[in-house]
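Quick notes on the structure that follows.
Derivation of every value follows stated rules applied to the coordinates shown; laboratory data play no part. What you see is a predicted model; the values in this text were computed from it and never measured. Please note: Cβ atoms are built from the backbone with ideal geometry, for glycine as well, and neighbour counts cover all protein chains shown.
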Amino acid sequence: MTTVTPLFAVSELPENSAKGVDLGERKLFAVNRQGNIYLYENRCPHKGIPLEWIPDTFLDAEKQFIQCSTHGALFTIDQGLCIAGPCTGAKLAPVSFEIIEGKVCIP
Ligand code: FES
């Protein structure tokens, strides 16, 4: 039997919100965009540092893009593709997950 790591309940991530997940050495974040959940490594491809300064704040003011708080790079929510900023064309690292019994889980 494979073991999975539950991260959080889907109900803890309302639509158009984001959430950081601190696993110690590994930091992730999730975004719920119109009911679709996206999970990425919390590491900006520009400097390799976490994206947020304020906990759970990963989106721009309009909640249209993921925004790095250090130099303002903007990433698409669905692809993690940087479309503006110092790392344009680079991508956030996606993390595969499953939803099991209402919880977002990683392998
Ligand atoms: S560290 Fe993210 S844009 Fe520079």
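Tabulated data for the structure shown
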item	result
With at most 13 neighbouring Cβ atoms within 10 Å, loop GluC sites (Glu not before Pro) (DSSP) excluded, longest segment of the chain	63-100
Amide H partners (placed H, <5 Å) of LEU59, local residues excluded	GLN67
Zero-based 5 Å bins, Cα pair distances in the stretch 5-106, whole percents	3, 14, 27, 27, 18, 9, 3, 0
Zone of ARG26's modelled label, taken as backbone nitrogen in the stretch 88-107 under 20 Å from a point 7 Å along Cα→Cβ	91-107
Where labels lie 7 Å past Cα in the beta-carbon direction, separation of THR3 and GLU101 in nm	1.6 nm
Whole-Hz couplings from phi, Karplus 6.51/-1.76/1.60, listed for the stretch 75-82; x for Gly and Pro	10, 5, 6, 7, 10, x, 8, 6
Environment charge of LYS19, counting only residues whose C-beta is closer than 11 Å and scoring Lys/Arg +1, Asp/Glu -1	-4
Under 15 Å, Cα to Cα: Lys pairs in the stretch 5-106, sequence gap 8 or more or different chains	5
Two-site FRET efficiency, GLN79 against GLN34, from Cβ-Cβ distance with R₀ of 22 Å, rounded to 0.05	0.90
Vicinal HN-Hα couplings computed from phi for the stretch 18-35 (Karplus, 6.51 cos²θ - 1.76 cosθ + 1.60; Hz; Gly/Pro x)	9, 8, x, 10, 9, 9, x, 5, 10, 10, 10, 8, 10, 10, 10, 10, 6, x
Coil-residue chymotrypsin sites (Phe, Trp or Tyr not before Pro) of the stretch 4-75, DSSP, other Cβ within 10 Å capped at 13	TRP53
